[in-house]
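These notes concern the structure reproduced below.
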């Protein structure tokens, strides 16, 4: 199969699926078919961004600047995040946004790859994993990051990492749905939830060509950072207006 998608094109898909997920969360009635469809498709984004985060660790000119950009945009995104997902029409803290999650995940990559002592390396990465408990995609994004660090440079391990990611997320979803669905409905619910993660696996393993967009690289770099807080701000303002 011809691998016809570059990194920026897959990231654009990830931005679109994230938007669908957030539109469902902010505006749609839970339990409806469209709500579940948009929500499940949106699970494509987190694991895809974790994959590119691990890959980006190798390509960035400055890892300190990379981490600083993630932290700055995490801080800029927190009020829009809280605004979009506020409950009862009031602006309140619920959790730290996904940019904070990616910031901690990038530090996990640094710990696992740069600390020479294995015990200290894994200990620091485990502590950073615990930090994601307070963030969007708590723990799961960190687990995905560990898997992709382990798989780094090996096509076979990359496949195994995605199998573990899909399986782990599926089992968690299955267990979280116990008592809410019939056995058949529970299975359908778990399979739907893993669809976005499985779609990420298909895109990365079979369509990603390992390249970047030939033109507009600087534009896309900042577009991906800005899209997150801007779209959350728009959704949050629309929610309060409507």
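Descriptive notes on the structure:
- When each of the peptides 99-112, 229-242 is scored by the mean number of other C-beta atoms lying within 10 Å of its residues, the order from highest to lowest reads 99-112, 229-242.
- Tail weight of P(r) past 12 Å, computed on alpha-carbon pairs of the stretch 120-161, percent: 61
- Directionally averaged projected area (convex hull, Cα atoms, the stretch 1-142), nm²: 10.6
- Whole-angstrom Cα spans of the chain along principal axes, big to small: 49, 40, 40
- Spin-label model, residue 212/residue 242: points 7 Å from Cα along the beta carbon direction are separated by 3.6 nm.
- All Cα-Cα separations within the stretch 1-81 were binned at 10 Å from zero, giving a P(r) of 16, 35, 34, 13, 2, each value a whole percent of the pairs.
- Equivalent ellipsoid dimensions for the stretch 28-73 as semi-axes, Å, which come from the Cα gyration tensor, largest first: 33, 12, 5
- Distance histogram in 5 Å bins (all Cα pairs of the stretch 163-219, percent per bin): 4, 18, 20, 14, 12, 9, 8, 7, 5, 3, 0
- Percent of alpha-carbon pairs separated by more than 12 Å within the stretch 80-119: 66
- The stretch 7-241: relative contact order in percent, alpha carbon pairs under 8 Å with at least 6 residues between: 28
- Peptides 39-51, 21-33 ranked from most to least packed, by the mean per-residue count of other Cβ atoms within 10 Å: 39-51, 21-33.
- Above 14 Å, the calculated P(r) of the stretch 48-89 contains 61 percent of its Cα-Cα pairs.
- In the chain, the calculated helix contribution to ellipticity at 222 nm averages -25000 deg cm²/dmol per residue, counting -39,500 (n - 2.57) for every DSSP H run with n ≥ 4.
Computed from the coordinates by the stated procedures, all read-outs in this text should not be read as laboratory data. Remember, it's a predicted structure, so these values are computed and weren't measured experimentally. We place every Cβ from the backbone using ideal geometry, glycine too, and count neighbours over all the protein chains shown.
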